[in-house]
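Single-structure report; data block below.
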Amino acid sequence: MQKGKCVRTISVAILCLWLLALPLMAGATYGASEAGLVIDKKSYVPGEQIQVKYQAPANWPSDAWIGIIPSNIRHGSEEVNDQHDITYQYIEQRTGGIMVFTAPGPGQWDLRMHDTDSNGREVASVSFTVSNIIPNSTGQKLWLNKTVFVPGERIQVRFQAMANWPSDAWIGIIPSNISHGSEEVNDQYDITYQYIEQRSSGIMEFTAPEAGHWDLRMHDTDSNGREISYISFTVR
């Protein structure tokens, strides 16, 4: 009797250990614990580059993928995400690297990672916002000593820029009612501008235009670039 009882006890113990091991075995099979996504920031303007750093298990099939999906789409199902993605890239069995996507239109979005394109699983996600509004309160790169001028008055603007920007990065005066974000659009409406010429900081002088509401806007290049920062002022 004691021997039989001992055998049953060992069998139960082995069963319990096997059940406890199942999640670990699943993790080893799918490598979810090895998967992850990191983006360089949380807010973008339409058309801006999004750099996403990823980590993935080497044993995933070559059709594992990362895509941009609206944040309101429920999480979990690769099949559902596949129906709603607006762009995607295959991981191709790489264990890590950086992918570059282009920010879509304004809204709340996710970058979601999937272990296969064939009825797979969503394994990781990271959310971001796309907006036409350029924040100018955080990491401000343009400063004015005042914000009200009269027509013809001298405007001194202090700037801070990236030294690795091309020489055609520029600052210009644009009407405040022009939508933010696109350098190409701003280029169509600027009334005056100056190139930064790879300076990392300095002071530019402009002449106040006619009465109205205006912005000084900074751009990282004159060739299909981005609006990086702005500061508003009034002429009256």
Test set (1) on the phi < 0 side of the Ramachandran plot; (2) touching a helix residue (DSSP H, G or I) at 6+ places or on another chain (Cβ under 7 Å); (3) part of a loop (DSSP other than H, G, I, E, B) - Asn224 fails condition number = (1)
Tell me, yes or no, whether the range 196-211 has at least one residue that is surrounded by 16 or more Cβ atoms within 10 Å (Cβ to Cβ), within 26 Å of Thr102 (Cα to Cα) and outside the structural domain of Ala103 (by TED's automatic domain parsing).
-> yes
Quick one: in the range 40-51, of everything that is surrounded by 16 or more Cβ atoms within 10 Å (Cβ to Cβ) and not in a loop (DSSP other than H, G, I, E, B), which residue is modelled with the highest pLDDT?
-> Ile50
Extreme residue, nearest to the chain's Cα centre (by Cα), among residues of the range 73-111 that are among the aliphatic types (A, V, I, L, M) and under 16 Å from Arg121 (Cα atoms) = Leu111
Looking at (1) touching an Asp or Glu at 6+ places or on another chain (Cβ under 6 Å); (2) outside any strand (DSSP E or B), which is the one condition that is false for Ile178?
-> (1)
Which residues, counting only those in the range 74-98, are buried (at least 17 other Cβ atoms within 10 Å of the Cβ) and either β-branched (Val, Ile, Thr) or assigned to a loop (DSSP other than H, G, I, E, B) (or both)?
-> Asp85, Ile91
Residue in the range 99-107 that is surrounded by 14 or more Cβ atoms within 10 Å (Cβ to Cβ) and in contact with an Asp or Glu (Cβ under 9 Å, 6 or more places away or on another chain) present | yes
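The values are calculated or read from the model by the stated rules, or taken from the named source; none is laboratory data. Predicted model only: the values in this text are computed from it and were never measured. As a convention, Cβ positions derive from the backbone with ideal geometry for all residues, glycine included, and neighbour counts pool all protein chains shown.
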